[in-house]
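The values are calculated or read from the model by the stated rules, or taken from the named source; none is laboratory data. Just so we're clear, the structure is a prediction, and the values are computed from it rather than from any experiment. Cβ atoms come from the backbone with ideal geometry, glycine included; neighbour counts cover every protein chain shown.
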Amino acid sequence: MFWGIYAGTYMLPGKVSDFEMGVAVLCLVFISLSGAFNTGEKVTTEADSFKVNSLGGYVFIPAITVPLIIVIGVIISKELQFIVRGSEALVMLSISTFLVFFISIIVFRDNPIATFSRSEKIMESIGINVLLPQMLAMLGGVVLTFGVGDSVTQLISQHSQNIGKNSIIVIYSVGMLVLSMAMGNAFAAFPIMTAGIGMPFIINNYGGNPAILCVLGMLCGFCGTMLTPIAANFNLLPAMLLSIGRKSLIIKEQLVTAIVVFLFNIMFMIVFIYK
């Protein structure tokens, strides 16, 4: 029932009312509160562990295949124009996800039934956490609707005379980092910071490149996601699935990487965004 309703949230928008969609989301909440999921249950058997260890670096082939197919497919589709312009990445993501299923069967030398069975166990272990990115992205839209973005714009406007165009980049980037840490996901912070600071100041006032702003601004938010326990599906759930005793260990290991990438994003935007 849970997965059926969840699939409906992707298939039914525009075909049912907002109220009915809200009822469906509440049903997901009630089902999850019933204790139907045993989140964090270790699903990897000793046989699976032996197989993974014996493969060595080949175990990463399925993961690397997805972005490679997307990049190559987007480049080819733009040249041949056989995919509607603007939707190339999404279409190629769907195709690569479909193909990587068969690639995984070849790499791991397993049969399709066993692959489906393990996938089901992993999804059951993740449970309601699989909904977090979607729900947090909606949270950003809800917060924006309440006028938080306008409030941020007004606050910056009061001091805009004393803020340079490079300083506003730093403010935007730090805002994405901190807000992503507070809300648990960059998708929630992005509409607030971009509507409040990015669009009115960096793009409209100073003529910044919107592509660079959006891509690296979101990446600044992801750096914040790496540093917060609120991003449970990224930082706490892997520790549970991998049976790591210290749940904060993953965040600690990601700390230096997040800071380095964050500082690089700021410097890159300062150098290139206004060119």
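Scan Ser96, Ser119 and give me the residue that is small (Gly, Ala, Ser), at negative phi and either loosely packed, with under 15 Cβ neighbours inside 10 Å or modelled with pLDDT under 75 (or both). Outline the logic, then answer.
Working: Ser96 fails: either loosely packed, with under 15 Cβ neighbours inside 10 Å or modelled with pLDDT under 75 (or both).
Among Ser96, Ser119, only Ser119 is small (Gly, Ala, Ser), at negative phi and either loosely packed, with under 15 Cβ neighbours inside 10 Å or modelled with pLDDT under 75 (or both).
So for segment 16-27 (the condition being modelled with pLDDT of 65 or more, of a type in the set (D, E, K, R) and exposed (fewer than 15 other Cβ atoms within 10 Å of the Cβ)), does at least one residue qualify? Yes: one or more hits.
Criterion applied to Gly164, Gly141, Gly149 was being modelled with pLDDT under 80 and closer than 24 Å to Met269 by Cβ, and the one residue passing it is Gly149.
One line per residue, one yes/no per condition, for (1) farther than 16 Å from Val261 by Cβ; (2) more than 18 Å from the chain's Cα centre (by Cα); (3) hydrophobic (A, V, I, L, M, F, W, C):
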{"site": "Ser173", "(1), (2), (3)": "no, no, no"}
{"site": "Ser180", "(1), (2), (3)": "no, no, no"}
{"site": "Gly184", "(1), (2), (3)": "yes, no, no"}
{"site": "Pro191", "(1), (2), (3)": "yes, no, no"}
{"site": "Asn204", "(1), (2), (3)": "yes, yes, no"}
{"site": "Asn209", "(1), (2), (3)": "yes, yes, no"}
{"site": "Gly221", "(1), (2), (3)": "no, no, no"}
{"site": "Gly224", "(1), (2), (3)": "no, no, no"}
{"site": "Leu237", "(1), (2), (3)": "yes, no, yes"}
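One residue is enough: does segment 231-245 have a residue meeting the conditions in a helix (DSSP H, G or I), over 18 Å from Leu213 (Cα atoms) and among the polar types (S, T, N, Q)?
Yes, because at least one residue in segment 231-245 is in a helix (DSSP H, G or I), over 18 Å from Leu213 (Cα atoms) and among the polar types (S, T, N, Q).
Which one is surrounded by the most Cβ atoms within 10 Å (Cβ to Cβ) among residues in segment 225-275 that are among the aromatic types (Phe, Trp, Tyr) and free of Cβ contacts under 8 Å to residues at least 40 places away in the same chain?
Initially, segment 225-275 is screened for residues among the aromatic types (Phe, Trp, Tyr), giving 234, 262, 264, 268, 272, 274.
After this cut, where a residue has to be free of Cβ contacts under 8 Å to residues at least 40 places away in the same chain as well, the list is 234, 264.
Working: Phe234: 21, Phe264: 13.
My answer is Phe234.
Can you tell me which residue in segment 142-167 is nearest to the chain's Cα centre (by Cα), limited to those that are crowded, with 18+ Cβ neighbours inside 10 Å and under 24 Å from Met226 (Cβ atoms)? The selected residue is Leu144.
With respect to Glu124, is the statement that it is part of a helix (DSSP H, G or I), in contact (Cβ under 8 Å) with a residue 12 or more places away in the chain and surrounded by fewer than 19 Cβ atoms within 10 Å (Cβ to Cβ) true? Answer is yes for this residue.
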